Amino acid sequence: MALSDIASVVEIIGILAIIFGIVFGILQLKQNQKQSRDMAILELARSFEEPEFTEAYTLVTSLEDGISDKDLQAKGPEYVAAAMRVGWKFETVGVLIYKRVVPMDAMADLVGGFSLKMWSILGQWAQDMRQKNNQPEFFEWYQWLVERLMERGEPTREPAYEASRLWREQQ
């Protein structure tokens, strides 16, 4: 085998090594992105289990749909604080969805219907707060999230226990 033949073989091996390195790097990057997304979903799910949020949820769900700022204020400061806690939670979720940190389908499965219910209660109050404080961005990402969920047909979606009743564990 001539020296030029050996050089050609070494060059081919070098090119294959570079290609392998690029493919491996791309696969690692995709795996890292999936891991990051999965962690974000897990953290989002955990955040709904916090006792403070559960207490706020309990108070807010006892309110009538479309409550005004005046009526919410009359309920007392604990109700206003609960509305703020619930609203800020979904404001954060909206930003995470928009920035593509958390996928919309995972959030919709986790708390989509719940977020719509909370907005049906707090939406008028949010509008009142925007006008009262001249702050049109008050809960802007929460409203954005609700509008995206409405576009997806979330209010008419079948509950998971019905939609996925034929699901079976893979073996």
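The values are calculated or read from the model by the stated rules, or taken from the named source; none is laboratory data. Here the structure is a predicted model, which is why all the values come from computation and not from measurement. Cβ: placed from backbone, ideal geometry, glycine included. Neighbour counts: every protein chain shown.
Mind listing just one residue for me: the one in the range 121-171 that is surrounded by fewer than 14 Cβ atoms within 10 Å (Cβ to Cβ) and of a type in the set (Ser, Thr, Tyr) and, of those, modelled with the lowest pLDDT?
Among them, the one singled out is Thr156.
Give the residue, chosen from Trp144, Trp125, that is of a type in the set (Phe, Trp, Tyr) and closer than 14 Å to Arg85 by Cα.
Values: Trp144 fails: closer than 14 Å to Arg85 by Cα.
The match here is Trp125.
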